[in-house]
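Colleague: My questions all concern the structure below.
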Amino acid sequence: MNIRPIAYDHPDAVELNDQVQLEYAERYGESDLTPLDPAMFTPPRGRYLIAYDDEGFPVATGGWRAQQAGEENYADGDAELKRMYVVPAARGKALARRILALLEADARAAGRTRMVLETGTEQPEAIALYLSSGYTRVPQADRFGLYRTTDESRCFTKPLTPQPPTHHATTPIPAQRRPLP
């Protein structure tokens, strides 16, 4: 698998977005109406990733976009996770978990302090992924996003705490010995 950043309006991203919208319509009776603009996923205010299989076919996607405090209940410093999706033939290979980890690291590096997401009751596999990845469910009164008032909405958060620098053990280089006089 090859995971790489792609523009949100790239043809592969559009194809996968169309597929996830069909899945939303099957599960909820309509597609996701959240307005998204490709510029929202442009660094440093966001990032969009696609995983390609060994033959070069797009099989998974996910992105984050910056959010600030406002009418939809976000907080300053939020990074909102969007369009996490794995095509059915590629599920069960931990692709969503890998993309999620990369998006968290990217949002943290961009100075975001909290990852937030909204999913729904008809996506139990997504809920299981987020809970097992350290996300906490938000109480109903604190939900955010376009669907925050719907019964099916479930919102989750995870702090993006700074990671300590990695120190690699090094082998000391022996001092040069001077020849004895």
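The values are calculated or read from the model by the stated rules, or taken from the named source; none is laboratory data. Every value quoted in this text rests on a predicted model; they were computed, and no experiment measured them. No Cβ is skipped: glycine too gets one built from the backbone with ideal geometry, and neighbour counts run over all protein chains shown. With ligands, DNA and RNA removed, areas are computed over all heavy atoms of the protein, side chains included. Shrake-Rupley method; radii C 1.70, N 1.55, O 1.52, S 1.80 Å.
Colleague: Can you confirm whether ALA128 is at pLDDT below 95, farther than 25 Å from PRO5 by Cβ and open to solvent by 20 Å² or more (accessible area, probe 1.4 Å)? Steps first, please.
Modeller: Values: at pLDDT below 95: no; farther than 25 Å from PRO5 by Cβ: yes; open to solvent by 20 Å² or more (accessible area, probe 1.4 Å): yes.
Against the criterion (at pLDDT below 95, farther than 25 Å from PRO5 by Cβ and open to solvent by 20 Å² or more (accessible area, probe 1.4 Å)), ALA128 does not qualify.
Residues are listed down the side, and each one gets a yes or a no for (1) touching a helix residue (DSSP H, G or I) at 6+ places or on another chain (Cβ under 6 Å); (2) open to solvent by less than 60 Å² (accessible area, probe 1.4 Å); (3) closer than 17 Å to ARG98 by Cβ; (4) at pLDDT below 95:
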| site | (1), (2), (3), (4) |
| --- | --- |
| ILE6 | yes, yes, yes, no |
| ASP9 | yes, no, no, no |
| THR34 | no, yes, no, yes |
| THR42 | no, no, no, no |
| GLY46 | yes, yes, no, no |
| GLN67 | no, yes, no, no |
| LEU81 | no, yes, yes, no |
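Colleague: For TYR74, work out the one condition from (1) part of a loop (DSSP other than H, G, I, E, B); (2) more than 25 Å from ARG148 (Cα to Cα); (3) open to solvent by less than 30 Å² (accessible area, probe 1.4 Å) it doesn't fulfil.
Modeller: For TYR74, the failing item is (2).
Colleague: Also: Could you give me the residue pairs with C-beta distances under 8 Å whose first residue belongs to the range 39-63 and is more than 19 Å from ALA109 (Cβ to Cβ), whose second residue is among the aromatic types (Phe, Trp, Tyr) wherever it lies, and which are 6+ apart or on separate chains?
Modeller: Partner pairs satisfying both residue conditions: PRO58/TYR52; VAL59/TYR52; ALA60/TYR85; THR61/TYR48; THR61/TYR85.
Residue-wise test of (1) open to solvent by less than 80 Å² (accessible area, probe 1.4 Å); (2) at pLDDT 95 or above.
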{"site": "ARG98", "(1), (2)": "no, yes"}
{"site": "ARG108", "(1), (2)": "yes, yes"}
{"site": "LEU117", "(1), (2)": "yes, yes"}
{"site": "ALA141", "(1), (2)": "no, no"}
{"site": "THR171", "(1), (2)": "no, no"}
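Colleague: Related question: Condition check: over 24 Å from CYS155 (Cβ atoms) and more than 16 Å from the chain's Cα centre (by Cα). Does ASP12 satisfy that?
Modeller: Taking the combined requirement at face value, the residue satisfies it.
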